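Read the structure below first, then the notes.
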């Protein structure tokens, strides 16, 4: 499989020619990254639905402590991505940071079973998100490095599908574990260490690093200006969208608000993940054929429609249907956006660009949730969704009308 550094000129908004048959197969690194993410998300999503109850009912933590823990954890992951991407490009290595990130995340999770106070949970969640922050950009850059550009969308679609399949399986395993252990959350934490360990072993054995860049290549720099106008414009549009993309917790609260029973919400969330996993690969393949921008604009439009639907949803049945459609938004945007970023920058700057994009959009998510909470409390429960739908529709329109200049890949 030739490295994409050997590719000549690649435009950011056109459908590349069909790949030759020998280039249609997904390479080892793409499959390996998918396997690692699958096991990691099984482990993570076993813990996520159980942890709030463990904190409040077992450790006696106040609700404010949960907000502090999750706020610090997610902020850590967002801020670290740009530095991890820069370090990966500067060193010319992807696997060491990937392995460190997956190792720190997955090997710290079993410690939750030993905690006796919520500050210990804070430290473990910080370690978990620290690992996530340093692995994401190098991993995404390695996927882009390892695959022919003509099937780049398919490669990222495969990775997101595997990741989301793990996210769907994890809560089901957690529910089964709780049912068999008289609702013992510590049993869930211990069991979650098994797929976590499998993820670390898969990263160690299956992933192969990319060749180091030429020594004469200038070292990457932090910042936007050297990443090119198309990348800056796309990141700005994505950040605008992210300012309206509040936490999915508001979707759950709205579903409860219109009458969905608490026991049904996990099933709705499972349906969302199942749709996402099923459509991620077809969306990636389609982006290879018709270009990234139409898919991304369509995804933002779907998000706007879903949020508008949640604003006016009359009952639980409507909210459940909207959760299903919401999975299509993720499938149309998550992997396709990563492929689009890879299209825009030369190979030596891919991890830096991936990290910069993830940090910028991730930081924008914090005020998005703050604004949504204020609107919910001060205006009405429907108002955050009108706000989110308006920004998403604006971002979709900008994607279609703003000119993104062609980018050149330089080996």
Given the criteria buried (at least 21 other Cβ atoms within 10 Å of the Cβ), in the same structural domain as residue 287 (by TED's automatic domain parsing), over 19 Å from residue 248 (Cβ atoms) and in contact with a helix residue (DSSP H, G or I) (Cβ under 6 Å, 6 or more places away or on another chain), does residue 360 qualify? no
When you scan the stretch 250-266, how many residues do you find that are surrounded by fewer than 21 Cβ atoms within 10 Å (Cβ to Cβ) and either touching a helix residue (DSSP H, G or I) at 6+ places or on another chain (Cβ under 8 Å) or not assigned by TED's automatic domain parsing to the domain that holds residue 357 (or both)? 10
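For every residue, the table says whether it meets (1) part of a helix (DSSP H, G or I); (2) over 23 Å from the mean Cα position of the chain (by Cα).
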| site | (1), (2) |
| --- | --- |
| 342 | yes, no |
| 356 | yes, no |
| 361 | yes, no |
| 364 | yes, no |
| 369 | yes, no |
| 376 | yes, yes |
| 381 | no, yes |
| 388 | yes, no |
| 404 | no, yes |
Residue match in the stretch 130-149 (condition: part of a helix (DSSP H, G or I), outside the structural domain of residue 349 (by TED's automatic domain parsing) and touching a strand residue (DSSP E or B) at 6+ places or on another chain (Cβ under 8 Å)): yes
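Filter the stretch 175-193 for residues that are at positive phi and within 26 Å of the chain's Cα centre (by Cα) and give the result. Give the steps one after another, and end with the answer.
Initially, the stretch 175-193 is screened for residues at positive phi, giving 182-183.
Passing the criteria: none in range.
State whether the residues of the stretch 283-295 include one that is in a loop (DSSP other than H, G, I, E, B), free of Cβ contacts under 8 Å to residues at least 60 places away in the same chain and either in contact with a helix residue (DSSP H, G or I) (Cβ under 6 Å, 6 or more places away or on another chain) or not assigned by TED's automatic domain parsing to the domain that holds residue 167 (or both).
Looking only at the stretch 283-295, we keep the residues that are in a loop (DSSP other than H, G, I, E, B), and these are 291.
Those left that are additionally free of Cβ contacts under 8 Å to residues at least 60 places away in the same chain: none.
Looking through the stretch 283-295, none of the residues is in a loop (DSSP other than H, G, I, E, B), free of Cβ contacts under 8 Å to residues at least 60 places away in the same chain and either in contact with a helix residue (DSSP H, G or I) (Cβ under 6 Å, 6 or more places away or on another chain) or not assigned by TED's automatic domain parsing to the domain that holds residue 167 (or both).
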Could you go through the stretch 155-164 and let me know if any residue there is modelled with pLDDT of 90 or more and over 27 Å from residue 87 (Cα atoms). yes
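Could you list all residues from the stretch 116-168 that are without any contact (Cβ under 8 Å) to a residue 40 or more places away in the chain and surrounded by fewer than 24 Cβ atoms within 10 Å (Cβ to Cβ)?
Quick first cut of the stretch 116-168, residues without any contact (Cβ under 8 Å) to a residue 40 or more places away in the chain only: 119-120, 123-124, 127, 131.
Listed by number, the residues that qualify are 119, 120, 123, 124, 127.
Please tell me if residue 10 is in contact with a helix residue (DSSP H, G or I) (Cβ under 7 Å, 6 or more places away or on another chain), closer than 17 Å to residue 144 by Cβ and modelled with pLDDT under 85.
Numbers: in contact with a helix residue (DSSP H, G or I) (Cβ under 7 Å, 6 or more places away or on another chain): yes; closer than 17 Å to residue 144 by Cβ: yes; modelled with pLDDT under 85: yes.
So residue 10 fits the description; yes.
Evaluate the stretch 58-65: report whether one residue or more is crowded, with 19+ Cβ neighbours inside 10 Å, assigned to a helix (DSSP H, G or I) and touching a residue at least 24 places away in the same chain (Cβ under 8 Å). It would help to see each step written out before you state the result.
Filtering the stretch 58-65 for residues crowded, with 19+ Cβ neighbours inside 10 Å gives 61.
After this cut, where a residue has to be assigned to a helix (DSSP H, G or I) as well, the list is none.
There is no residue in the stretch 58-65 that is crowded, with 19+ Cβ neighbours inside 10 Å, assigned to a helix (DSSP H, G or I) and touching a residue at least 24 places away in the same chain (Cβ under 8 Å).
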Conditions (1) out of contact with any helix residue (DSSP H, G or I) (no Cβ under 7 Å at 6 or more places or on another chain); (2) closer than 27 Å to residue 102 by Cβ; (3) at pLDDT below 75 -> residue 201 fails only (3)
Under 6 Å by Cβ, and 6 or more places apart or on different chains, what pairs join a residue from the stretch 33-55 that is over 24 Å from residue 201 (Cβ atoms) with one that is not in a helix (DSSP H, G or I)? 55/61
Condition check: in a helix (DSSP H, G or I) and more than 15 Å from the chain's Cα centre (by Cα). Does residue 107 satisfy that? yes
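The values are calculated or read from the model by the stated rules, or taken from the named source; none is laboratory data. Worth saying up front: this structure is predicted, and the values here are computed from it rather than measured. Note: ideal-geometry Cβ built from the backbone for every residue, glycine included; neighbour counts use all protein chains shown.
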